[in-house]
């Protein structure tokens, strides 16, 4: 499935990332990872101590990618409102869900401090970025001073994460888009 | 674990509900259900065709309970804004996540039309109730006429569902509460 030029280690990490996204941690067996990576059991244990260790590498890489993608939108051009809108409406594979957020519904990820840490840090980082943009908008008079920037940042993140739930429940991305449009109509500066 | 007066069928359904909430569908084995229910395999197959059939009964009951709990708040006293606030702030076991919403992150639930149907119907019903309350608030001048009631309803639901993700990521209910307060500050009618 992967380029023969990809190292065994990378094939294992990429296979684990895909399976975590599709099946979750609880639903991903070491056997399924080996099959998808086209790698033998010995190779896996040569590079990783086992499923939690491999999952940690996979989760870290997924978190890094999500940060980079979010950063490029949040630091893009436009007013604070426009950058929040760009973040909310950035291209997403809505019906697949968020590769980071979905991990929080995995009991074995949440129960494992090591596996939960990168998820927690990524979401906390995103919230911090969004809060700063809201503050910037308040300084520029785009958003009301009475708003709490960190609370609004949590609402923005929650709308995205909950939007995936609505979309997957209905089998259509439309509900995600509705939730985002609703939030944008509440945030929109009076012109 | 259950009252001896509870029927075998009920013990199986209640055990399955708990396990679906704790472990998800993919992470719940028929063996774990039987152990928790204290029931033999023969009894299970006497009442249910197998795991999907039992899960369907469990999911339906969980959805009915969620509807009843939401309805009592949404039809409670207060202005439209106050009823939406009561819904957003109703007592929740935040760190356990939503017993209905978390099912959407279960690949085998989403892939099975029968299992997804009650989840979809419950969320659609909730959205409809919330949209009506927003419309009522618009008629009473509490919410701006320019808002789309169904979009705002999606935002309210998404904030709740995403709030669970934020809380579980950070290991604390505080992030859920922040997201909700942020949304309420955006919805609050100008006095």
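The values are calculated or read from the model by the stated rules, or taken from the named source; none is laboratory data. Remember, it's a predicted structure, so these values are computed and weren't measured experimentally. Positions of Cβ are backbone-derived with ideal geometry, glycine not excepted, and every protein chain shown enters the neighbour counts.
Here are a few things to note about the model shown:
- In region A:94-114, the residues that are in contact with a helix residue (DSSP H, G or I) (Cβ under 9 Å, 6 or more places away or on another chain) and surrounded by fewer than 22 Cβ atoms within 10 Å (Cβ to Cβ): A:94, A:95, A:96, A:99, A:107, A:108, A:110, A:112, A:114
- Every residue from region B:132-146 that is in contact with a helix residue (DSSP H, G or I) (Cβ under 6 Å, 6 or more places away or on another chain) and within 10 Å of chain A (Cβ to nearest Cβ): B:134, B:143
- Scanning region A:51-71 turns up no residue that is free of Cβ contacts under 8 Å to residues at least 12 places away in the same chain and not in a helix (DSSP H, G or I).
- Every condition in (1) at pLDDT below 95; (2) away from chain B (no Cβ under 11 Å); (3) within 23 Å of residue B:187 (Cβ to Cβ) is met by residue A:190 except one, and the failing one is (2).
- Residue match in region B:64-84 (condition: more than 20 Å from residue A:166 (Cα to Cα), within 14 Å of chain A (Cβ to nearest Cβ), at pLDDT 95 or above and surrounded by 16 or more Cβ atoms within 10 Å (Cβ to Cβ)): yes
- Filter pass, residue B:190 being touching a helix residue (DSSP H, G or I) at 6+ places or on another chain (Cβ under 9 Å) and either farther than 30 Å from residue A:108 by Cα or in a helix (DSSP H, G or I) (or both): no
- So residue B:20, is it more than 20 Å from residue A:26 (Cα to Cα), modelled with pLDDT of 95 or more and in contact with a helix residue (DSSP H, G or I) (Cβ under 7 Å, 6 or more places away or on another chain): no
- Identity of the residue in region B:100-116, part of a helix (DSSP H, G or I) and more than 10 Å from every other protein chain (Cβ to nearest Cβ), that ends up farthest from residue B:27 (Cα to Cα): B:114
- Look at (1) closer than 24 Å to residue A:88 by Cα; (2) in contact (Cβ under 8 Å) with a residue 12 or more places away in the chain; (3) more than 10 Å from chain A (Cβ to nearest Cβ) and you find that residue B:129 fails only one, number (1).
- Only one entry of B:149, B:167, B:174 meets the criterion of being out of contact with any helix residue (DSSP H, G or I) (no Cβ under 7 Å at 6 or more places or on another chain) and more than 8 Å from chain A (Cβ to nearest Cβ), and that entry is B:174.
- Index of the failed condition, residue B:160 passing every other in (1) farther than 25 Å from residue B:77 by Cα; (2) within 10 Å of another protein chain (Cβ to nearest Cβ): (1)
- Qualifying residue in region B:74-91 (condition: free of Cβ contacts under 8 Å to residues at least 24 places away in the same chain, under 30 Å from residue B:182 (Cβ atoms), assigned to a helix (DSSP H, G or I) and within 22 Å of the chain's Cα centre (by Cα)): yes
- Screening residue B:121 with (1) more than 7 Å from every other protein chain (Cβ to nearest Cβ); (2) surrounded by 19 or more Cβ atoms within 10 Å (Cβ to Cβ); (3) under 15 Å from the mean Cα position of the chain (by Cα); (4) in a helix (DSSP H, G or I) gives one miss only, at (2).
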